[in-house]
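Here is the structure we will look at.
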Amino acid sequence: MLYVHLTWLYIVIVLLFAIAYEHILLFIRDGSLSFVSFSCVSTALGVLLVLRADELWIYLLLIAAALTQKQFLRVFNHHFFNPSNFAILIALWLFYDDAQLLLAQLGDELWLMFVVLGMSVAILYRASRWIIPLVFTLSYLVFEYLFVVSYDPALVFEDLLYRLYSISFLLFVLLMLTDPHTTPYRWYMQVLFALVVASATVTFDLLYGFRAWHMFLALALVSPITPLVVLYSHKEFRVKLAIITALIVACTLFIVLSIQSRAPYYLIMDV
């Protein structure tokens with residue numbers, strides 16, 4: 001059965017806010033509006049379908065923060081964070097008790113999963129990012145089985161597979177993990193990127209236990225390094241970019257460790 005936490009009115013309000021706020025930021029950044037941007041809609045939908053909050057203003061604040069860093073925390077055409085993933089990071093840090101991660105919004109209908117998967121594969125093929133979800137999923141399963149499931153008698157492989165059945169996992173792997181502005185464009189660097197994110201996710205599971213948000217935290221830690229790797233050949237600002245990257249990664253690590261120190265929760269919906 002399909003399920004969405006917010007009412008349709010609230011969803012429309014959030015989407016309209018995202019569109020309006022994105023264009024306000026574009027006008028502030030460029031001094032004019034030369035095009036219409038709809039990428040903010042995917043950011044808003046990513047937040048709506050992964051997070052559950054009781055207050056509408058929390059969604060609006062998170063989306064505003066995500067879109068603001070998207071427009072101003074960037075170097076050339078590379079972003080340090082995927083906007084939706086950034087919103088989730090901030091939600092877990094600042095609104096831990098008021099905004100929770102949900103695994104099953106939109107339910108687990110197979111037809112919907114195939115629709116989302118089919119549309120995403122077409123987009124990823126055109127954007128040359130299809131390698132990342134493939135390598136991440138395979139390496140994540142192998143690493144989890146070898147280093148987590150095999151050593152945890154309370155965890156069975158079916159628990160691991162359940163994470164893959166959710167719409168939120170598809171959104172993460174097919175949209176957040178493959179954002180062209182936060183991922184490398186060379187195929188071998190994409191393979192390395194996927195392997196590092198999978199390894200970080202498994203490391204979190206090994207150190208802190210099996211938690212739903214570890215994939216998002218792993219991506220938040222790894223993606224800020226991508227601009228430095230991609231733009232490393234530009235010697236004129238290499239040192240400056242390295243310093244900025246180190247500061248961003250240090251701040252992100254502080255936030256991640258703060259989140260990990262909180263008592264875990266694991267919400268699912270059975271409707």
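The values are calculated or read from the model by the stated rules, or taken from the named source; none is laboratory data. The structure displayed is predicted, hence computed values, not measured ones. Cβ placement follows ideal geometry from the backbone for every residue including glycine, while neighbour counts extend to all protein chains displayed. The accessibility values were calculated without ligands, DNA or RNA, using every heavy atom of the protein model including side chains. Shrake-Rupley method; radii C 1.70, N 1.55, O 1.52, S 1.80 Å.
Using θ = phi - 60° in the Karplus curve 6.51 cos²θ - 1.76 cosθ + 1.60, the 3J(HN,Hα) couplings for segment 181-196 round to 7, 10, 10, x, 9, 7, 4, 5, 6, 5, 4, 5, 4, 5, 5, 5 Hz; x is entered for Gly and Pro. Within the assembled protein chains, the solvent-accessible surface assigned to THR201 is about 0 Å², based on a 1.4 Å probe.
Tally up the carbon and sulfur contribution to the accessible surface of segment 176-265 as a whole percent, 1.4 Å probe, everything protein left in place. About 72 percent, which is the carbon plus sulfur part of the accessible surface.
Taking R0 as 30 Å, what's the FRET efficiency between LEU94 and TRP8 from their Cβ-Cβ distance, rounded to 0.05? E(calc), rounded to 0.05, equals 0.65.
Sorting PHE27, PHE210 by accessible area puts them as PHE27, PHE210; the probe is 1.4 Å, largest comes first, and only protein heavy atoms count.
For a test of the definition: using alpha carbon positions, the gyration tensor, and the 1.5 limit on a/c, classify segment 42-96 as rounded, prolate or oblate. Because a/c hits 1.5 or more and a/b exceeds b/c, segment 42-96 counts as prolate. Short-range pairs are left out: with C-alpha atoms under 8 Å and at least six residues apart, the relative contact order of segment 31-98 is 34 percent.
Protection proxy ranking of 42-52, 140-150, by the mean of other Cβ atoms within 10 Å over each peptide's residues and highest first, is 42-52, 140-150.
Remark: the HIS23-SER199 segment gains 59.7 nm on full extension, using 0.36 nm per residue and subtracting the alpha carbon distance. Surface listing: ASP97, ASP30 arranged by accessible area from highest to lowest gives ASP97, ASP30, probe 1.4 Å.
Of the residues LEU134, LEU25, the one with the largest accessible area comes first in the ranking LEU134, LEU25, computed with a 1.4 Å probe on protein heavy atoms.
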